[in-house]
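Novice: Quick one: structure below, then a few questions.
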Amino acid sequence: MRGHQLSIIAEASTPGSTGYNQKLSERRLKHVVKVLLKEGFAKEDLHPQIAIGEQDGKPDAAGRRVTIKLVK
C-alpha cells in the first residue's frame with residue numbers, strides 16, 4: 001500500500017472520562033502513524049489523521065481501535 005493515501009481514524013471505548021478517552025485515541029493515532037512511517041510510508045500519504053475519542057459510543061473492545069482505509 002506504500003505510495004497510496006491512507007485515512008487513519010483512532011477511537012476509544014466509552015468507559016472513562018471524555019477527556020481521557022480523547023487523549024487515549026490521540027496516543028493510539030500517534031503510535032500507528034509512527035509505525036507506518038517506520039515501515040516506509042510517506043508522511044504526506046497518511047492523511048487524514050483523526051482521533052475521535054469515544055464519539056462512536058462503543059463500550060467494549062470494538063471502540064478501542066484504529067481504522068486504516070485506502071483513500072481512492
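Novice: Between helix 18-38 and the chain, what is the angle of the helix's C-alpha long axis to the longest principal axis, kept within 0 to 90° and rounded to the nearest 10?
Specialist: The angle comes out near 20 degrees.
Novice: Right, something else. At a threshold of 8 angstrom on Cα-Cα distance, excluding pairs fewer than six apart, so keeping six or more, what relative contact order does the chain reach in percent?
Specialist: Here the relative contact order equals 55 percent.
Novice: Continuing with this model, one more query. Suppose each label sits 7 Å from its Cα in the direction of the beta carbon; what would the M1-K30 distance come out to in nanometres?
Specialist: Reported label-point gap for M1 and K30 is 2.2 nm.
Novice: With r defined as the distance between the Cβ atoms of S17 and I50 and R0 fixed at 25 Å, what FRET efficiency is calculated, to the nearest 0.05?
Specialist: According to the calculation, E is roughly 0.80.
Novice: Using only helices, what value at 222 nm comes out for the chain when you add -39,500 (n - 2.57) per DSSP H run of length 4 or more and divide by the total residues, to the nearest 500 deg cm²/dmol?
Specialist: Taking each H run of at least 4 residues, the total per residue is -10000 deg cm²/dmol.
Novice: I'd like the accessible area for R2, computed on protein heavy atoms only with a 1.4 Å probe and all protein chains in place. Round to 10 Å², please.
Specialist: The value for R2 is about 140 Å².
Novice: Sort K58, K72, K34, K23 by heavy-atom solvent-accessible area, probe 1.4 angstrom, most to least.
Specialist: Most to least solvent-accessible, the answer reads K72, K34, K23, K58.
Novice: Once Lys and Arg get +1 and Asp and Glu get -1 on their Cβ, which of L70, A42, G19 lies farthest toward the positive end of the dipole of the chain?
Specialist: A42
Novice: Provide I52, I9, I68 ordered by accessible surface of protein heavy atoms (probe 1.4 Å), highest first.
Specialist: Accessible-area ranking of I52, I9, I68, largest first: I68, I9, I52.
The values are calculated or read from the model by the stated rules, or taken from the named source; none is laboratory data. Treat the numbers as computed from the prediction; the structure is a model and nothing was measured. Cβ atoms come from the backbone with ideal geometry, glycine included; neighbour counts cover every protein chain shown. In case anyone asks, the SASA skips ligands and DNA or RNA and just uses the protein heavy atoms, side chains included. Shrake-Rupley method; radii C 1.70, N 1.55, O 1.52, S 1.80 Å.
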